[in-house]
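Derivation of every value follows stated rules applied to the coordinates shown; laboratory data play no part. Keep in mind that this is a model prediction, so the values were computed, not measured. Every residue, glycine as well, gets a Cβ built from its backbone with ideal geometry; the counts of neighbours run over all protein chains shown.
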Amino acid sequence: MANKFPAAGYAEAMSHYIPYGRQDITQEDIDAVVEVLRSDWITQGPAIEQFEQAVANYCGAKYAVAVSSATAALHIACLAAGLGQGDILWTSPNTFVASANCGLYCGAKVNFVDIDPHTYNLSVDELERKLAWAQKQGCLPKVVVPVHLAGQSCEMERIAALSQHYGFRIIEDASHAIGGRYQGQSIGSCQFSDLAVFSFHPVKIITTGEGGMVLTNQEHLYEKLVRLRSHGITRNTDLMQGESHGSWYYQQLELGFNYRMTDIQAALGASQLQRLDEFVERRWFLANRYNQLLQDLPLILPWQHPDTKSSWHLYVILLKLDKISKTHRQVFEELRKAEIGVNLHYVPVHSQPYYQQLGFSWGDFSQAETYYQEAISLPIYYGLTQEDQDRVVMTLQEILL
Ligand SMILES: *Cc1c(COP(=O)(O)O)cnc(C)c1O
């Protein structure tokens, strides 16, 4: 067996690799998928509606639309919010590129609001300052996309108050945050937003392989999302222009896409959703355990706003570089060498070459940049054992001290 592998010890080393995140799939999940494969519908059938209903109920939102990814979800959420050419979208620079790209897909311009140095989320103080400035300049955003980094909610009540005053729409990028809470309510309730988006990529809290969802409480947004998901087509005679030609008839009312999720994926998602609270509880346990085990190291541990209860998608530490004899990069690479799959969330979006072409430069959002120079995401996921977590802690200790 051993000499099947090109390098000696390869299999052994791989068996000790601890990723930063991974899915947890049970026999029940597999059975749910197989059941759909044996049924009449494998896409856009009853499993989609069941999954949508279940997520909407869990979150306390009226409507949910399942799509092929959170990237697709962000795109149609922007279109439903009316974003188009000549409009402006603002988001955090400390996010995955998809939170900003959705604005560009719609022909809008994108700008960023620097982060809060304690939560690493979009700073609402900074948002307030920038809105006052933008009003004077005549360049107010049409859409603001707060990103709930690591699963900790942004200060939505304050953002909603600003949206009332300045008239922008709010799309929550809650890709990290299903199962999290804000002021006691489930993230995704849309109490303080127009739309909220989840991702079901395998590293996120629950998975459908690839997949995403948009939630909203507004019926007209829901209907638009459903059309945009499937080519802009409707079979609802009430929405048609003129008379229906017959029961075969459909009309394309706008330019939509094929962003559908399959029933195969939705069955997996619905099955995973049943264990969502268990997943988040385990992440809470692991996060608290990290908090205790890491407290004496030269690190800044993740601070939690009292209004929030994170889903703990990520556990991010910042290195106190003035108290360490190594660089950020050295620490990161020594962890990787020790088979600890650390990661970095995120390379500031405005520093990406594509965004630099659009006129942004390093130096534009200093808080996000400082964070990037100190942050490391440690492994955290449902199946992470205490032994493996201890190994992460001990390795970090050896590297830092
Ligand atoms: C993962 C992620 C996305 C994109 O999700 P996909 O489902 O992979 O398209 C968008 N925004 C954030 C913050 C993410 O973490």
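Annotations
- Within region 176-218, if we keep just the residues that are assigned to a loop (DSSP other than H, G, I, E, B) and among the aromatic types (F, W, Y), the residue that is nearest to the ligand (Cβ to nearest atom) turns out to be F200.
- Scanning region 53-65 for residues that are surrounded by fewer than 24 Cβ atoms within 10 Å (Cβ to Cβ) and within 16 Å of the ligand (Cβ to nearest atom) yields nothing.
- Residue check, V280 under 30 Å from Y371 (Cβ atoms), among the aliphatic types (A, V, I, L, M), touching a residue at least 24 places away in the same chain (Cβ under 8 Å) and not in a helix (DSSP H, G or I): no
- Considering region 344-374, and only residues there that are touching a Pro at 6+ places or on another chain (Cβ under 9 Å) and polar (S, T, N, Q), the residue that is nearest to A108 (Cα to Cα) turns out to be S351.
- Every condition in (1) in contact (Cβ under 8 Å) with a residue 24 or more places away in the chain; (2) surrounded by fewer than 16 Cβ atoms within 10 Å (Cβ to Cβ) holds for S68 except the one numbered (2).
- Every pair of residues 6+ apart whose Cβ atoms lie under 6 Å, when the first sits in region 317-334 and is farther than 25 Å from T119 by Cβ while the second is in a helix (DSSP H, G or I): E334/I399
- Residues being in contact (Cβ under 8 Å) with a residue 40 or more places away in the chain and under 23 Å from A73 (Cα atoms) - total across region 121-147: 7
- Remark: A98 falls outside the filter, which requires a residue to be away from the ligand (no atom under 12 Å from the Cβ) and either buried (at least 24 other Cβ atoms within 10 Å of the Cβ) or of a type outside the set (S, T, Y) (or both).
- For the residues V392, V331, V316, the requirement of being within 17 Å of V203 (Cβ to Cβ), assigned to a helix (DSSP H, G or I) and of a type in the set (A, V, I, L, M, F, W, C) singles out V392.
- Enumeration of residues in region 159-175 that are of a type outside the set (S, T, N, Q) and either within 11 Å of the ligand (Cβ to nearest atom) or part of a strand (DSSP E or B) (or both): R169, I170, I171, E172, D173, A174
- Of residues in region 170-186 being out of contact with any helix residue (DSSP H, G or I) (no Cβ under 7 Å at 6 or more places or on another chain) and within 15 Å of A73 (Cβ to Cβ), the one surrounded by the most Cβ atoms within 10 Å (Cβ to Cβ): A174
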